[in-house]
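Here the structure comes first, spelled out in structure tokens, and everything after it is commentary.
Quick note: the coordinates plus some simple rules give every number you see, no bench work behind them. On a predicted model such as this, the values are computed, not experimentally measured, just so you know. Cβ coordinates were reconstructed from backbone atoms using ideal geometry, including for glycine residues, and neighbour counts include every protein chain displayed.
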Amino acid sequence: MPSDLERAMETMIVVFHRYAGREGISTTLSRRELKQLMETELSSFLKSQKDAAAVDKIMKDLDANGDGEVNFEEFVSLVVGLSIACEQIYQIKQKQTLGQKKP
């Protein structure tokens, strides 16, 4: 039976390839596929962005090798960055919760 972390890794791989395959067999995400992935899988994050060009900026930042597409390694950097930001918010909330419980 896989652990929670192993299931999370598998899910990340499956989700990436679900969208990478939308425009044919591919191991990369086009801008359009990245946008579809983000609109479906990261909708809360995308809705919180005030900039209408957020996907274009994210695509530019992720595309480390400059080929106009996002490979799995580049995609993972997005997930890691968002995970770090979420964990930082989690820490802040935990500190606030602990602070409220003190007499």
Next item on the list: Would you pull out the residues with amide H under 5 Å of ASN71's amide H, same chain only if 5 or more places away, H placed 1.01 Å from N?
Entry: LEU29
Note to self: Principal axis extents for segment 30-74, Cα atoms only, whole Å, descending order, please.
What the structure shows: 28, 18, 16
Note to self: Through the Karplus equation 6.51 cos²θ - 1.76 cosθ + 1.60, θ set to phi - 60°, convert the phi angles of segment 10-17 into ³J(HN,Hα) values in whole Hz; use x for Gly and Pro.
What the structure shows: 4, 4, 4, 5, 4, 4, 4, 6
Note to self: Between helix 31-41 and the chain, what is the angle of the helix's C-alpha long axis to the longest principal axis, kept within 0 to 90° and rounded to the nearest 10?
What the structure shows: 30 degrees
Next item on the list: Any chance you could check the Cα centroid distance between segment 1-78 and segment 83-97 for me, in angstrom?
Entry: 23 Å
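Within a 10 angstrom radius of the beta carbon, how do LEU82, LEU34, LEU29 rank from fewest other beta carbons to most?
Starting with the residue having the fewest Cβ neighbours, the order is LEU82, LEU34, LEU29.
Restricting to DSSP H runs of at least four residues, report the calculated mean residue ellipticity at 222 nm for the chain, -39500 (n - 2.57) per run over all residues, nearest 500 deg cm²/dmol. Working shown, then result.
Details: 5 runs with 73 residues, N = 103.
About -23000 deg cm²/dmol.
Return TYR19, TYR90 ranked ascending by Cβ neighbour count within 10 Å, so the fewest neighbours appear first. Don't jump to the answer; show the numbers that get you there.
Working: TYR19 22, TYR90 10.
With the sparsest Cβ surroundings first, the list reads TYR90, TYR19.
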Margin query: Restricting to lysines 8 or more places apart or on different chains, can you count the pairs in segment 4-101 with Cα atoms under 17 Å from each other?
Written below: 6
Check: Over the alpha carbons of the chain, what is the largest minus smallest coordinate on each principal axis, giving the biggest first in Å?
Finding: 60, 42, 23
